[in-house]
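Notes to accompany the following structure.
Quick note: the coordinates plus some simple rules give every number you see, no bench work behind them. From a predicted model like this one, the values you see are computed outputs, not experimental measurements. Cβ placement follows ideal geometry from the backbone for every residue including glycine, while neighbour counts extend to all protein chains displayed.
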Amino acid sequence: MKDLTHSADAATVEEALAADNHQGVVDSEGATALAMQNTLLTPRFYTTDFDEMDAIDVSGVREDWDKLIDQMKSDPNKGHFKKNEDWDHIDWDGMEPKLKAEFIDFLVSSCTAEFSGCVLYKEMKRRGNNEDIVTLFQLMARDEARHAGFINDALREAGIAVNLGFLTQKKKYTYFRPKFIYYATYLSEKIGYARYITIYRHLEANPEHRFHPIFKWFKEWCNDEFSHGEAFALLMKTDPKLTSGVNVLWIKFFLTAVYATMYVRDHQRPAFHKALGVDPDWYAHEVFTKTSTISKQVFPITLDIDHPRWQKGLEALQRANVDLADAKKTGNVFKRVSASTRAAIAFVGLFTIPAVKHQVPVSTRLEPAY
Ligand SMILES: [Fe+2]
Ligand SMILES: [Fe+2]
């Protein structure tokens with residue numbers, strides 16, 4: 001029987017979250033517990049000063065703003081994020097156990113990240129009075145609810161589901177000032193685009209590595225993320241202070257943190273990357289290059305990812321992280337302190353690599369070009 005309602009067809013975030021495929025989800029304790037984790041490496045839920053965000057005046061970027069909102073309202077991806085005849089059957093039981101575990105970890109953490117965006121955007125929409133802001137956040141929340149719903153569809157086939165209602169109520173919310181939300185969310189949308197499109201193009205050229213059908217949906221998916229990133233670029237453009245002075249250091253911090261987190265996290269999934277036929281070091285460099293090129297639209301600096309200390313620093317951070325995980329498992333306090341210290345030193349080493357400066361264009365607007 002066909003789904004009566006599906007988040008993919010919903011016009012609003014409320015409708016999407018109330019759709020059949022978001023309901024009656026058999027909670028899998030393991031998956032929800034994974035999604036509940038709050039470490040430096042796992043997706044978090046955020047809250048912010050919604051009144052300050054509501055006070056943003058977009059009239060300085062009105063023309064680009066209206067175009068973007070019209071494009072999002074036209075909703076080219078309505079109905080897209082659900083299974084159709086392109087969806088292949090997956091033999092979950094026959095999947096190599098290590099790959100299965102890493103792939104489920106990938107799906108659960110992606111689902112949590114999508115839902116984290118949904119919760120934040122929906123809350124902004126609920127609290128706001130500013131027509132421009134409320135409209136944007138409603139549209140973005142709609143997209144993220146569809147993305148999360150679709151990942152949960154894929155997980156359900158493996159007999160797993162993340163209980164999103166439980167997460168909303170119980171997961172810890174981290175407070176970020178609005179400007180930090182802009183930097184972090186802008187980057188996560190753009191790096192999300194770069195990650196998905198890189199995998200999509202790789203599998204287009206090497207279809208024998210497409211071990212799950214969800215990757216076929218990544219192109220439209222990442223175009224949504226691209227638009228969300230565009231919106232945050234415009235929001236930052238409304239106030240030049242956000243991308244100048246001491247804030248450039250904050251931008252550098254967020255760039256370093258987001259790139260380093262991705263590197264460490266991806267290196268925890270060797271079987272997943274092997275199945276995709278992707279070398280995680282190549283993948284990281286590719287994604288950083290794309291994200292850096294895009295982020296020049298609004299950030300006056302990019303990280304020097306070809307600096308000799310960059311790759312070495314990432315590797316040191318990753319090794320420290322492996323040791324830290326071991327130490328936590330065995331309860332070895334000395335090893336834990338020493339691994340944490342090494343991780344901190346590696347991060348500082350990455351952060352202190354001189355950044356590359358450049359001129360930011362007057363108009364930020366970009367189209368997804370990869
Ligand atoms: Fe998304
Ligand atoms: Fe997004």
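Where Lys and Arg each count +1 and Asp and Glu each count -1, what net charge lies around R177 among other residues with Cβ under 14 Å from its Cβ? Working shown, then result.
Values: positive: K179, K241; negative: D49, D51, E52, D239.
Charge balance near R177 sits at -2.
Please work out the C-alpha center-to-center distance from the stretch 320-370 to the stretch 72-114 and express it in whole Å.
Spelled out, the Cα-based centre of one part sits 28 Å from the other.
Relative contact order for the chain: what percent, with Cα pairs under 8 Å and sequence separation of 6 or more?
On the way: 469 pairs, mean separation 71.6, N = 370.
Computed value for the chain: 19 percent relative contact order.
How large is the convex hull of the Cα atoms of the stretch 165-237 per residue, expressed in Å³ as a whole number? Each step should come with its number before you reach the end.
Values: hull volume 8.6 nm³, N = 73.
So the per-residue Cα hull volume is 117 Å³.
Rg and Dmax in Å for the stretch 237-323, alpha carbons only: what are they?
14.7, 45
Quick test of the membrane-span-like rule: which DSSP H helices of the chain reach at least 20 Å along their long axis (C-alpha atoms) with mean Kyte hydropathy at least 0.0? All intermediate terms of the calculation are to be shown ahead of the outcome.
Values: long enough: 97-127 (45 Å, -0.06); 131-157 (40 Å, -0.24); 178-205 (40 Å, -0.19); 218-237 (28 Å, -0.33); 247-267 (30 Å, 0.59); 280-295 (22 Å, -0.52); 308-330 (34 Å, -0.98); 333-351 (27 Å, 1.10).
Qualifying helices, which must be both long enough and hydrophobic enough, are 247-267, 333-351.
For the stretch 220-370, compute the orientation-averaged projected area of the C-alpha convex hull (one quarter of its surface), in nm².
Details: hull surface 42.2 nm².
Averaged projected area of the stretch 220-370's Cα convex hull equals 10.6 nm².
Report the Stokes-Einstein translational diffusion coefficient (µm² s⁻¹, integer) for the stretch 288-370, Rh taken as the Kirkwood radius over Cα pairs, at 10 °C with viscosity 1.306 mPa s. Mind showing how you got there, number by number?
Values: Rh = 14.9 Å.
Translational D for this selection: 107 µm²/s.
Would you compute the Debye intensity of the stretch 7-239 from its alpha-carbon atoms alone, equal scatterers and no solvent, and pass along log10 I(q)/I(0) at q = 0.08, 0.11, 0.15, 0.17 Å⁻¹ to two decimals?
-0.29, -0.55, -1.03, -1.32
Springs between alpha-carbon pairs under 10 angstrom, Gaussian network model over the chain: which of A161, A35, A316 fluctuates most?
A316
Reachable aspartates and glutamates from K83, Cα under 13 Å, same-chain residues fewer than 8 places away excluded?
Correct list for K83: D3, D9, D153, E157.
Can you give the log10 of the normalised intensity I(q)/I(0) at q = 0.10, 0.13, 0.16 Å⁻¹, computed with Debye over equal Cα scatterers of the stretch 116-255?
Values, matching the q order: -0.41, -0.69, -0.98.
Please report, to two decimal places, log10 I(q)/I(0) for the stretch 72-120 at q = 0.14, 0.17, 0.30, 0.33 Å⁻¹ as given by the Debye formula with identical point scatterers on the Cα atoms and no solvent.
Relative scattering, expressed as log10 I(q)/I(0), comes to -0.59, -0.80, -1.05, -1.07.
Select from L303, L324, L136 the residue whose mean-square fluctuation is largest in a Gaussian network model of the chain (Cα-Cα springs shorter than 10 Å).
Of L303, L324, L136, the most mobile in the Gaussian network model is L324.
At a 10 angstrom cut-off on C-beta neighbours, averaged per residue, how do the peptides 113-124, 164-175 rank from highest to lowest?
On the way: 113-124: 23.5, 164-175: 14.5.
The densest-packed peptide leads the list: 113-124, 164-175.
Just from its helices, what would the mean residue ellipticity at 222 nm be for the chain, if runs of 4 or more DSSP H residues each count -39500 (n - 2.57) and the sum is divided by every residue, rounded to the nearest 500 deg cm²/dmol?
-21000 deg cm²/dmol
For the pair Y370 and D9, what calculated FRET efficiency results from E = 1/(1 + (r/R0)^6), where r is the Cβ-Cβ distance and R0 = 30 Å, to the nearest 0.05? Display every interim value, and only then the final one.
Working: r = 28 Å, r/R0 = 0.94.
Approximately 0.60, to the nearest 0.05.
Out of all Cα-Cα pairs in the stretch 5-103, roughly what percent, to the nearest whole number, are more than 21 Å apart? Please report the intermediate quantities before stating the final value.
On the way: 3196 of 4851 pairs.
Cα-Cα pairs in the stretch 5-103 separated by more than 21 Å: 66 percent.
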